[in-house]
């Protein structure tokens, strides 16, 4: 599990850095918020298709080759960003970044489940905590580099970090390799969306609502809002990303063994909504409100992982592809929400998207709690 945690850390160190650097690099080039949203929407669109294909392949040949694809594609994306000048070139980088993250998420839970039988939900939540820690440090380092040099300097630094991931991938190679050969017909048949229960798709929609509450906010809206409206420098934006990820991961670890009860669901709902509303009332309180939101996000992580475990229980032969298919509605939401949220900001202002995010998190919290109570 330590090697899976190492891969998770490095992958999201880079992903978090790119999450700050890419929109700000585009903003520096005079690209509009709607255009930035269109470029960023490419990654969840790639996720939508590529992840389930990778997952289907992994169920036949094993999960370790997908970690290698994750590493190679992430390195390629950072190389492209290092020389990109136009939105089209950044869009090509997003394609490779999407392939990288698709490969990681196609098998990260599969690897975790196989390496920790009987502790799936807890260990998967622990991985999410490591994802947050990697994101925290990646955001801080990226912000520091951009502040000391310039925004474009972040990309070659992240490219160098991505090569380090080859080491844990090689160490895991035999553990995650299956002896069977790839049968493309069998792989394609596993992608058939039919045969999943109504409950399976219901859980999928809960996951999509969770993503709607957070993904557009932290991948585009907040970095641009802090830069354009509040005048934060790159270090300030990176620091806020770091604080969010650190508090979220700390909350996950501290509450890992706490029950998933109604008190927890209601608490995280109220806290997250109040933080979103607070941003609309006083931008000066943003650092405190970010900490409050991160705490609520950390409380919700085990709800999220628990409903995934429920949806894929007793489906060992197709577990990777099932997890991938579960995320299809979520990726549809993310891809379209980035563009729609950009339009909402231009028409109604930032406050509208903060409120939408808060309401979506309440829906996720209550629905996921109800689902965890079902047998």
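Given the options 230, 250, 256, name the one that is more than 30 Å from residue 27 (Cα to Cα), in a loop (DSSP other than H, G, I, E, B) and either in contact (Cβ under 8 Å) with a residue 12 or more places away in the chain or more than 19 Å from the chain's Cα centre (by Cα) (or both).
Exactly one residue qualifies, and that residue is 256.
Of the residues that make up segment 219-229, is at least one modelled with pLDDT under 85 and either buried (at least 24 other Cβ atoms within 10 Å of the Cβ) or within 19 Å of residue 129 (Cα to Cα) (or both)?
Checked segment 219-229: at least one residue is modelled with pLDDT under 85 and either buried (at least 24 other Cβ atoms within 10 Å of the Cβ) or within 19 Å of residue 129 (Cα to Cα) (or both).
Please enumerate the residues belonging to segment 355-375 that are without any contact (Cβ under 8 Å) to a residue 12 or more places away in the chain and part of a helix (DSSP H, G or I).
Scanning segment 355-375 gives 370, 373.
When you scan segment 5-14, how many residues do you find that are surrounded by fewer than 24 Cβ atoms within 10 Å (Cβ to Cβ) and more than 15 Å from residue 163 (Cβ to Cβ)?
Residues that pass the stated criteria total 1.
Just checking, does segment 71-90 include any residue being closer than 21 Å to residue 127 by Cβ, within 21 Å of the chain's Cα centre (by Cα), assigned to a helix (DSSP H, G or I) and at pLDDT below 90?
Within segment 71-90, not a single residue is closer than 21 Å to residue 127 by Cβ, within 21 Å of the chain's Cα centre (by Cα), assigned to a helix (DSSP H, G or I) and at pLDDT below 90.
Yes/no per residue for (1) touching a strand residue (DSSP E or B) at 6+ places or on another chain (Cβ under 6 Å); (2) touching a residue at least 40 places away in the same chain (Cβ under 8 Å); (3) farther than 23 Å from residue 112 by Cβ:
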position: 27; (1), (2), (3): no, yes, yes
position: 30; (1), (2), (3): no, no, yes
position: 56; (1), (2), (3): no, yes, no
position: 61; (1), (2), (3): no, yes, no
position: 65; (1), (2), (3): no, yes, no
position: 71; (1), (2), (3): no, yes, no
position: 76; (1), (2), (3): no, no, yes
position: 87; (1), (2), (3): no, yes, yes
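So residue 19 clears everything in (1) surrounded by fewer than 20 Cβ atoms within 10 Å (Cβ to Cβ); (2) within 30 Å of residue 233 (Cα to Cα); (3) in contact (Cβ under 8 Å) with a residue 24 or more places away in the chain except one condition, right? Which one?
(1)
The values are calculated or read from the model by the stated rules, or taken from the named source; none is laboratory data. For clarity, every value in this text was computed on a predicted model and none was experimentally measured. Backbone-built Cβ (ideal geometry, glycine too); neighbour counts: all protein chains shown.
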